[in-house]
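The values are calculated or read from the model by the stated rules, or taken from the named source; none is laboratory data. Treat the numbers as computed from the prediction; the structure is a model and nothing was measured. As a convention, Cβ positions derive from the backbone with ideal geometry for all residues, glycine included, and neighbour counts pool all protein chains shown. Accessible surface areas use protein heavy atoms only, side chains included; no ligands, DNA or RNA. Shrake-Rupley method; radii C 1.70, N 1.55, O 1.52, S 1.80 Å.
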Amino acid sequence: MFSKVLVANRGEIALRVIRACQELGVKTVAVYSEADARAPHVREADEAVLIGPPPSSQSYLVGERLIDVALRTGAQAIHPGYGFLSERAWFARAVRDAGLVFIGPPAEAIEAMGSKTAARQLAISAGVPVVPGTTESVRNAAEAIAIAETFGFPVLLKAAAGGGGKGMRIVRAASELADALASAKREAQNAFGDDAVYIEKYIEGPRHVEIQVLADTHGNVVHLGERECSVQRRHQKMIEEAPSVAVSPELRARMGATAVAAARAAGYVNAGTCEFLLDKDGQYYFLEMNTRIQVEHPVTELVMGLDLVQWQIRVAAGEALPFPHKDFVPRGWAMECRITSEDPTNGFLPSTGRIEYLHVPTGPGVRWDGGIESGSDIGLHYDPMLAKLIVHAPTRELAISRMRRALRELTIDGIETSRSFHLRVMDHPDFQRGDITIQWLEQNLPALTAPATSRESIRLAAIAAALVAHEERRAGSGGPATSNASIASGESSRSVHGPTWRDVARRDSLRFS
Ligand code: ADP
């Protein structure tokens, strides 16, 4: 096992990796930008090194500097987390060339899966079903129209180097293709420095179902079942669960075998995910392989009972998987909500500011993977995902009520977050039935994001006014802020830190929403 690992990331995933290392008895080195000097991951690591100014292009993305810090601090391996440098083949190669271990797949496997067109070619050669379309980028609109007409509209234009839903355009008619191709190419060039775009058939009303795989350096590849990630906005996942209501044990076995075949074809090692579209008839199509740990990995951990990040580290250290032929069966139901600093009532506009007060839900079956605390400053330099709220329960129905309970307990004061949106999803009958496709969220956006009704607003204002009047009366009487409980126990001189009136008012308004 390694004695020291450098964590080349920030926020919740940096903390997640640090925790895994601590449990394995491995020392950690955190890196941080000037914006993150007081971030929790910096404090929790054994050592922390400043790597540059806030923009990630000058800090978290400067691979040579990270490798230099690892060498100077005596770390033997680098865990990239997700995002940033996690899927850059050149970085994995540079880490290896520096005599360090990259905790992830070999650079060659990242390359093989890095381009969507190359991944499609590899999948086809391994007998993995892919969405009908091209494996080469299209040269011009005329060629694109000719190809589209072979399988019919609507089609989806996709950036070969794509990720995060960027460079994607749905095209419903030949007349729209030229404009869509030009704008997809422009967006791809800006986002990835590569304007290659190819065509796929647009599948109507599918689910996004992905399979977690884990492979060691001894030739063992296992799959750990599926995650259902159909609740998406602009091709970005918002809520994930394991297992999926749409996957039977028989389908799980087939999709799992397909994912293992794709991983083997790529010479894959470490944790990875094969993403599929699953249509209404139970047909599935390979989309791509994510060659890193994913945001939504905890739902798999909870139902399968293992620590994926620890296994990433153990496999990278050369350990063989002790369950090479195990048929993993999900136990209970797990669900994850991504808590982002975005305002759902205002088009998911990013929200910035200081987190004045954070109350994290606890209790049975609740897990919080976060990178924030009271006092954290939320800016625009990094991804808006602040934390993940994850629950585990015996059934899907109980997981939903547990999630609702946990979301109500959660208080984040000072910035807007996605919390209210998640509560609305939990209350929605379609979601409760599991009757969801990747288009569901966009189709129901108004109902899921409308501001509180006027009746609720009036109630909220009344509660707030009453509480303010109460505080003022108390301040006027000169007494310290105390609760009834502390007075009863004779501790009247000690101030009690409880929820602010805003917490109470907000929770109350939600209870009645
Ligand atoms: P990215 O790497 O940018 O996230 P993906 O290929 O993983 O792109 O696709 C992102 C999302 O877009 C999928 O989860 C799915 O919701 C949707 N999508 C992708 N391909 C298709 C398709 N052929 N038909 C319909 N929807 C698709």
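When the range 192-201 is examined, which residues are found to be open to solvent by 10 Å² or more (accessible area, probe 1.4 Å), more than 9 Å from the ligand (Cβ to nearest atom) and in contact with a helix residue (DSSP H, G or I) (Cβ under 6 Å, 6 or more places away or on another chain)? Spell out the reasoning first.
Step one: filter the range 192-201 for residues open to solvent by 10 Å² or more (accessible area, probe 1.4 Å), giving 192-196, 201.
If we keep only those that are more than 9 Å from the ligand (Cβ to nearest atom) too, we end up with 192-196.
Passing the criteria: only 195.
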**Scope the range 342-370; condition open to solvent by 30 Å² or more (accessible area, probe 1.4 Å), under 20 Å from the mean Cα position of the chain (by Cα), closer than 29 Å to residue 332 by Cα and not aliphatic (A, V, I, L, M); matching residues** = 365, 367, 368
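Taking strands (runs of 3 or more DSSP E) that fall entirely within the range 7-106, which contain at least 1 residues that are open to solvent by 20 Å² or more (accessible area, probe 1.4 Å)? It would help to see each step written out before you state the result.
Details: elements: 27-33, 47-52, 77-79.
Fully inside the range 7-106 and qualifying: 27-33, 47-52.
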**Asked** Where residues in the range 202-227 are under 12 Å from residue 278 (Cβ atoms) and in contact with a Leu (Cβ under 9 Å, 6 or more places away or on another chain), which of them is most open to solvent (accessible area, probe 1.4 Å)?
**Response** 207
**Message:** Just to verify a result, which residue in the range 401-417, among those that are in a helix (DSSP H, G or I) and under 19 Å from the mean Cα position of the chain (by Cα), is nearest to residue 434 (Cα to Cα)?
**Reply:** 403
**Message:** Regarding the range 197-206, can at least one residue be identified that is within 23 Å of residue 301 (Cβ to Cβ) and of a type in the set (A, V, I, L, M, F, W, C)?
**Reply:** no
**Fill in**
Conditions (1) more than 26 Å from residue 449 (Cα to Cα); (2) of a type in the set (A, V, I, L, M); (3) modelled with pLDDT under 95 -> residue 171 fails only (3)
**Prompt:** Quick check, is residue 164 within 15 Å of the ligand (Cβ to nearest atom), at positive phi and open to solvent by 30 Å² or more (accessible area, probe 1.4 Å)?
**Reply:** yes
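When you check residue 179 against the structure, is it more than 28 Å from the chain's Cα centre (by Cα) and either modelled with pLDDT under 95 or not hydrophobic (A, V, I, L, M, F, W, C) (or both), yes or no?
Numbers: more than 28 Å from the chain's Cα centre (by Cα): yes; either modelled with pLDDT under 95 or not hydrophobic (A, V, I, L, M, F, W, C) (or both): yes.
Criteria met by residue 179.
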**Item:** Failed condition for residue 316, given (1) aliphatic (A, V, I, L, M); (2) open to solvent by 20 Å² or more (accessible area, probe 1.4 Å); (3) touching a His at 6+ places or on another chain (Cβ under 6 Å)
**Value:** (3)
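When the residues of the range 231-259 are narrowed to those that are small (Gly, Ala, Ser) and either more than 15 Å from the ligand (Cβ to nearest atom) or surrounded by fewer than 22 Cβ atoms within 10 Å (Cβ to Cβ) (or both), which ends up farthest from residue 432 (Cα to Cα)?
First pass over the range 231-259, keeping only residues small (Gly, Ala, Ser): 242, 244, 246, 248, 253, 256-257, 259.
Now restrict to residues that are either more than 15 Å from the ligand (Cβ to nearest atom) or surrounded by fewer than 22 Cβ atoms within 10 Å (Cβ to Cβ) (or both): 242, 246, 248, 253, 256-257.
Details: 242: 15, 246: 14, 248: 18, 253: 26, 256: 26, 257: 30 Å.
Per the criteria, the residue is 257.
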**Prompt:** If you take the residues of the range 112-133 that are open to solvent by 20 Å² or more (accessible area, probe 1.4 Å) and in a loop (DSSP other than H, G, I, E, B), which of them is farthest from the ligand (Cβ to nearest atom)?
**Reply:** 127
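Take the conditions away from the ligand (no atom under 16 Å from the Cβ) and either assigned to a helix (DSSP H, G or I) or open to solvent by less than 10 Å² (accessible area, probe 1.4 Å) (or both) and apply them to residue 262. Does it pass?
Values: away from the ligand (no atom under 16 Å from the Cβ): no; either assigned to a helix (DSSP H, G or I) or open to solvent by less than 10 Å² (accessible area, probe 1.4 Å) (or both): yes.
No; evaluated as a whole, the condition is false for this residue.
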**Request:** Check 275, 288 and return the single one that is at pLDDT 95 or above, within 16 Å of the ligand (Cβ to nearest atom) and surrounded by 15 or more Cβ atoms within 10 Å (Cβ to Cβ).
**Result:** 275
**Fill in**
Residue count, the range 167-191, condition touching a Leu at 6+ places or on another chain (Cβ under 8 Å) and open to solvent by 50 Å² or more (accessible area, probe 1.4 Å), comes to 2
